[in-house]
Amino acid sequence: MLPDLPAVPGVLSAHEIAETAASIAAMQEPSGAIPWTTGEHTDVWNHVEAAMALLVGGQAEASDRAYEWALELQRPDGSWPMKIVAGEVEDASGETNMSAYLAVGVWHNWLVRQDLQFVRRYWPAVRRALDWVVSLQLPFGGIAWSREYHDGVPGRVNADALVAGSSSIHQALAAGVALADLMGEPQPGWELAGGRLAHALREHRDEFLDKSRYSMDWYYPILGGAVRGPAAARLVEDRWDTFVVPDLGILCVSTNPWVTGAETCELVMALDAIGQRERATRLFADMQHLRSDQGRYWTGYVYPDEVNWPAEHTTYTAAAVILAADQLSGATAGSDIMRGTSLPDFSEIALECGCGSASSLGRARVT
């Protein structure tokens, strides 16, 4: 049975959501891969995000084919190549946040469908992926950005950690622990890693590579669930005026007059997750100027020139729209995926950063 389709009154109807989901399915390749846009590359993070949106938008068969593709492309160590074009690897390096994200997709599928057979099929791939990701955790708690591969052989680790990527990994580890409990295979190593990572994202963001001119660096600690409560509210206010363009959405990069739909919808979900629903709904309405024909979405808009740029409709933008609509409407149980109320908290133990143990604080720490 297909889930009820999301609708946000006054912004998007269920029919428009279905149209957008169909636009993603129309760009899916015969292999099941979902590229950024027709003819472009596929990466597993955006691919899984699109698979989640397809399920919510009534395209269950296309979503299943997308997950099957992910199984086929996973390497034995649990990672995926960073860029795949028409079935050929264009960039073999493995990015940790991309490989971790399958866990989020599988947990989302469980929330929507409650299909234990699906979870059992994908659990070994989730386990391999998160084991690989956790193996690249740095002493301060962040996760190394990526690892190089040459002819399938792992090489140099890019030891810089990214706030946005590590925040996404925090969510993936929580989803992985939830799946482990469902499978009856506890993963205490992931829990330890998640606690150390959560602490780093709350207390040591200065240890991550400085990408503060990107809006993702701003809101992702909230979106990924590491920062909540008053600390999250302060974080939103700190850079609201830097990134938010009234009536248009949010900037991708603070130095460029370019608003982007995917980032705006992710901020919508982060705001809703901390109870700022009115702001979230207003932003969601603001970004609808990017909607095009057949339910497709432009990537962004350069407002001084009044032009959509680049001249492409992207699956990841459409996917973010659908997931944001689901969260705002609560149409499916998958609407909790960014709120994270179905996910476990992590305790801060076994820290290596010199802060000492904070095992009783967990995710509620908001100093």
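The values are calculated or read from the model by the stated rules, or taken from the named source; none is laboratory data. All values derive from a computational prediction rather than experimental measurement. Positions of Cβ are generated from backbone atoms using ideal geometry, with glycine treated the same way; all protein chains shown enter the neighbour counts.
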Exercise. Among VAL244, VAL236, VAL177, which is without any contact (Cβ under 8 Å) to a residue 40 or more places away in the chain and more than 16 Å from the chain's Cα centre (by Cα)?
Worked result: VAL244
Exercise. Would region 157-165 turn up any residue that is more than 23 Å from GLN187 (Cα to Cα), surrounded by fewer than 24 Cβ atoms within 10 Å (Cβ to Cβ), more than 15 Å from the chain's Cα centre (by Cα) and among the aliphatic types (A, V, I, L, M)?
Worked result: yes
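A quick yes/no check of all residues on (1) touching a residue at least 12 places away in the same chain (Cβ under 8 Å); (2) under 24 Å from ASP326 (Cα atoms); (3) surrounded by fewer than 18 Cβ atoms within 10 Å (Cβ to Cβ):
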residue	(1), (2), (3)
VAL106	yes, yes, no
PRO124	no, no, yes
ARG127	yes, no, no
LEU136	yes, no, no
ILE143	yes, no, no
Seminar exercise, completed: Taking region 251-270 and the residues there that are part of a loop (DSSP other than H, G, I, E, B) and touching a Ser or Thr at 6+ places or on another chain (Cβ under 9 Å), the one that is surrounded by the fewest Cβ atoms within 10 Å (Cβ to Cβ) would be SER254
For this session: Quickly run through region 8-32 and pick out the residues that are in a loop (DSSP other than H, G, I, E, B) and closer than 15 Å to LEU55 by Cα.
Result: GLN28, GLY32
For this session: Mind listing just one residue for me: the one in region 287-336 that is assigned to a loop (DSSP other than H, G, I, E, B) and within 19 Å of the chain's Cα centre (by Cα) and, of those, farthest from GLU29 (Cα to Cα)?
Result: GLY330
Seminar exercise, completed: Within region 40-68, of all residues that are in contact (Cβ under 8 Å) with a residue 12 or more places away in the chain and either in a loop (DSSP other than H, G, I, E, B) or among the acidic types (Asp, Glu) (or both), the one farthest from PRO310 (Cα to Cα) is GLU68
For this session: Identify the residue in region 46-67 that is more than 19 Å from the chain's Cα centre (by Cα) and not hydrophobic (A, V, I, L, M, F, W, C) and, among all such residues, is nearest to GLY105 (Cα to Cα).
Result: ARG65
Exercise. Looking at GLY229, is it surrounded by 19 or more Cβ atoms within 10 Å (Cβ to Cβ), among the small types (Gly, Ala, Ser), within 26 Å of GLU352 (Cβ to Cβ) and at pLDDT 95 or above?
Worked result: no
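Residue by residue, here is whether (1) surrounded by fewer than 21 Cβ atoms within 10 Å (Cβ to Cβ); (2) in contact with a helix residue (DSSP H, G or I) (Cβ under 9 Å, 6 or more places away or on another chain); (3) under 28 Å from ARG75 (Cβ atoms) holds:
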residue: ALA7; (1), (2), (3): yes, yes, no
residue: GLU16; (1), (2), (3): yes, yes, no
residue: ALA21; (1), (2), (3): no, yes, no
residue: ALA26; (1), (2), (3): yes, yes, no
residue: ILE34; (1), (2), (3): no, yes, yes
residue: THR42; (1), (2), (3): no, yes, yes
residue: TRP45; (1), (2), (3): no, yes, yes
residue: ALA50; (1), (2), (3): no, yes, yes
residue: ALA60; (1), (2), (3): yes, yes, yes
Seminar exercise, completed: Scanning region 291-324 for residues that are of a type in the set (A, V, I, L, M) and in contact with an Asp or Glu (Cβ under 9 Å, 6 or more places away or on another chain), the one farthest from PRO257 (Cα to Cα) turns out to be LEU323
Problem set entry | Options ARG121, ARG156, ARG147; residue that is under 22 Å from LEU71 (Cβ atoms) and touching a strand residue (DSSP E or B) at 6+ places or on another chain (Cβ under 9 Å) | ARG147
Exercise. Does THR299 qualify as being surrounded by 17 or more Cβ atoms within 10 Å (Cβ to Cβ), touching a Pro at 6+ places or on another chain (Cβ under 9 Å) and closer than 16 Å to LEU55 by Cβ?
Worked result: no
Problem set entry | Close pairs (7 angstrom Cβ cut-off, 6 or more residues apart or separate chains): at positive phi in region 296-325, assigned to a helix (DSSP H, G or I) and crowded, with 24+ Cβ neighbours inside 10 Å anywhere | none
Exercise. In region 279-295, what residues are under 21 Å from GLY334 (Cα atoms) and free of Cβ contacts under 8 Å to residues at least 24 places away in the same chain?
Worked result: none
